[in-house]
1. Could you tell me the center-to-center distance, by alpha carbons, between the stretch B:557-620 and the stretch B:383-453 in angstrom?
2. Heavy atoms only, probe 1.4 angstrom, no DNA, RNA or ligands counted: give me B:535, B:495, B:529 ranked by accessible area, highest first.
3. Just to verify a number: FRET efficiency for residue B:401 and residue B:108, C-beta to C-beta distance, R0 = 30 Å, to 0.05?
4. Between residue B:253 and residue B:321, what's the calculated FRET efficiency when r is the beta-carbon distance and R0 is 22 Å? Round to 0.05.
5. For the stretch B:518-620, what is the Kirkwood estimate of the hydrodynamic radius, computed as the reciprocal of the mean inverse distance between distinct Cα atoms, to one decimal in Å?
6. Return the value, in Å² to the nearest 100, of accessible area buried between chains B and A (probe 1.4 Å, both sides summed).
7. Let me know the charge dipole size of the protein assembly as shown about its Cα centre in debye, to the nearest 20, where only the beta-carbon of Lys, Arg (+1) and Asp, Glu (-1) is charged.
8. With the dipole of the protein assembly as shown worked out from charges on the C-beta (+1 for Lys and Arg, -1 for Asp and Glu) around the Cα centre, which of B:466, B:445, A:101 lies farthest toward the positive end?
Amino acid sequence: MRGRREPIWVAPLIALGICAFVLVAIDAGGPVRALLVAAFSLLGPGAGMARALHLRSPIEQLALVVPFSLACTAVVAMAALYMGWWSPLGIMGVLILGTIGLLMFGGRGPRVAAES
Amino acid sequence: MRVPLTSPRSSRPFTARFEYLRGAWNALPPWALPVALQVAAVVFWLAGLPMIDLDQLDDYGLVSQLPALTYVALALMALAFVLALTARELRPALLAANLVLLAIMLYAITVFIEDAPRFATTYVHAGFVEAIGRTGQRFPNLDARFDWPGFFAMTAYLEQVTGVRSLDVSPLVPVASNLLYLPPLWLLYRSVSPDRRLAWLALWVFLAANWIGQDYLSPQGFNYLLYVVILAMLVHWFRFPDGHLGWVDRLWAYLIERVPQRIPIHRRWRTDARALVVDGFSADAWRPGVVIAIAVLFAVDVSSHQLTPFVVLLGTTTLVVVSRLSLRGLPLLMAVMIAAWVSYMTVTFLAGHLAGLLSDVGQTDAVAEASVGRRLRGSEGHLAIVYFRLVLSLVIWLGAAFGALRRLWYGKLDLITGLLALVPFGMLALQSYGGEILLRVFFFGLPFIAFFFAAGFRPRRGRMGAGWTAAMAVGLAALAIAMPIARYGNERADRMTSLEIAAIDELYQVAEPGSLISVGNYNSPFRFRDTELFRFRSLSPHVANSDVDSLITYMSRANTDCYLLMTRSMQATAEMFIGLPPGEWDAMIAELRTRPEIEVVLENADAIVFKLLDSSPTSP
């Protein structure tokens with residue numbers, strides 16, 4: 001039986017999310033925080049969704065990862081706004097947990113015809 | 001005496017040297033010339049930037065200051081793209097580099113020459129973002145856009161976690177947005193046509209034709225991304241499999257059968273009858289998950305913008321009706337989501353605007369008047385730009401119609417792209433959208449119009465003739481040159497300066513919360529912070545009449561501290577759009593200075609702020 005191989009970018013992306021969260025939590029300033037947080041915010045949630053949807057074509061990933069990320073961010077931010085729990089760190093925590101969940105377990109969903 | 005064709009030192013004849021040059025030319029790698037042209041274009045473009053004097057801008061906009069070098073650079077980019085596109089071997093990296101550079105040249109030129117973010121609405125949106133981030137609340141009583149807060153909440157979160165103000169990155173948003181639109185458009189184009197070169201060409205046309213300027217820091221710019229992504233996903237994954245013939249295809253086949261056999265096109269159309277159903281590349285994914293993703297994207301769309309969800313719904317419904325989408329229940333789900341949001345989440349807005357919203361339905365004459373008629377006024381330069389935009393849009397639409405006919409001639413009935421290009425026109429029967437609906441029709445149709453415009457030069461796969469290649473180079477160059485003229489035609493008013501911002505920032509320090517800030521008109525970089533703490537009123541009608549008495553009277557009716565803000569960008573707007581004669585603005589400011597009821601509290605070269613001395617109520 002062949003084992004499932006994880007894409008090489010999964011671990012770095014999770015690490016990026018955790019680093020970004022720590023930087024925001026300690027209120028670090030400067031361009032490093034901005035770059036890391038922006039990179040995670042634009043790529044992380046969307047990459048998780050792309051993995052959950054079994055998107056393997058590079059062009060599909062290129063087309064959808066950033067819009068997916070922004071949409072996930074908008075959903076969580078809006079939920080926080082309407083519930084009166086506005087907290088950037090809390091929103092980020094939800095997004096990171098969701099991303100980690102999708103990245104780790106998303107690839108285990110139903111397999112498509114091309115894989116079987 | 002006869003002069004020899006060879007030099008004394010060289011015994012080779014002229015023709016032999018010509019052959020040598022041709023050999024050397026042929027020995028060059030095929031990417032060398034496009035790369036050289038692109039480098040030259042960048043150099044020319046950069047060299048042209050210092051020649052632009054923004055203080056000399058007139059009512060024709062940026063075109064009044066753009067040097068010839070800029071136009072040459074854009075023409076070279078077009079030529080480089082055509083050479084790369086028609087090369088024997090397609091080099092995606094080269095074409096992608098050309099697209100990125102073109103996007104920077106067209107959409108980021110103001111980043112290099114202006115000292116502050118442009119466009120007054122950018123500041124208003126940044127103010128909404130700041131208010132949400134600071135308070136964690138919406139203010140629907142202040143502005144209806146708070147009833148669709150998806151984009152503002154997302155941006156407020158990003159602003160706070162990155163530590164970077166949205167206003168500071170806003171100049172880069174147009175170029176970033178347009179680059180983000182391209183990959184889903186590629187997915188869409190490749191799903192409806194197997195021709196990669198046509199897809200690249202359509203992307204280039206899209207960039208060069210998007211003069212509308214709705215891609216700034218705004219909900220509509222963000223929702224446009226969702227619009228193209230949703231449509232791309234639907235067409236990519238949920239169009240019917242190749243060979244499925246819907247009722248339109250069967251009707252088409254029936255009609256073709258009745259075309260007499262002797263007509264030459266009969267055979268071509270009949271042969272391609274099955275190929276009429278799209279033959280792009282196939283896609284694999286977890287489809288139930290894709291449906292959920294589309295629903296999530298649409299939910300964000302519904303909660304972020306008033307107009308875009310209706311266009312997505314119209315497009316999706318149309319594709320289902322003509323049997324091009326297998327997700328037959330999706331339009332119903334979308335309609336329910338829109339109805340739920342509008343009914344329950346936008347009550348504040350609907351309470352005051354329902355009658356106004358419904359009054360435009362079916363009133364196409366009124367909508368056309370609002371979209372075109374009301375724009376045909378203002379200064380001579382501004383009018384010229386408005387006509388230029390109308391003509392440019394018409395040329396692009398006609399070019400697309402020509403491309404659609406050429407595709408049809410070769411047996412390609414592009415039902416998906418064709419209908420999606422036409423669907424936005426349906427909005428004309430619903431809303432004037434503050435006189436902007438025709439702009440939005442062009443904007444929403446543009447991805448598909450670009451496809452057909454490109455198909456005008458390249459309707460099918462295979463080598464292109466020299467004539468069509470030359471026509472394509474000329475057409476693309478003309479489009480790229482025309483784009484900044486149309487897009488930056490209002491730049492005298494759209495440009496904001498750091499002096500204006502400094503004055504307004506200082507006004508925020510001086511004014512007590514709750515004060516009334518009266519403005520000459522709304523075109524100024526105010527409201528970028530503390531937007532819910534102050535009241536704002538436009539005195540545009542009084543300014544248009546240069547009526548200082550009524551202006552002072554209006555201010556004196558305020559029951560609180562009242563300020564009057566007058567800026568350079570307001571002056572440009574009054575002169576360009578309202579037709580205030582040159583000199584009137586300065587005369588009005590001079591008269592305001594003499595009035596004993598007000599005093600100057602702040603002043604610099606681009607802005608002046610007056611304060612009403614006695615703000616107690618003087619009249620009901």
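1. Here the two parts' Cα centres lie 42 Å apart.
2. Ranked list, largest accessible area first: B:535, B:529, B:495.
3. Computed FRET efficiency for residue B:401 and residue B:108: 0.45.
4. 0.75
5. About 13.9 Å for the stretch B:518-620.
6. Counting protein atoms only, the buried area is about 3300 Å².
7. Taking the Cα centre of the protein assembly as shown as origin, the dipole is about 4700 debye.
8. B:466
The values are calculated or read from the model by the stated rules, or taken from the named source; none is laboratory data. On a predicted model such as this, the values are computed, not experimentally measured, just so you know. Please note: Cβ atoms are built from the backbone with ideal geometry, for glycine as well, and neighbour counts cover all protein chains shown. When the accessible area is computed, the model is the full protein with side chains, heavy atoms only, and any ligands, DNA or RNA have been set aside. Shrake-Rupley method; radii C 1.70, N 1.55, O 1.52, S 1.80 Å.
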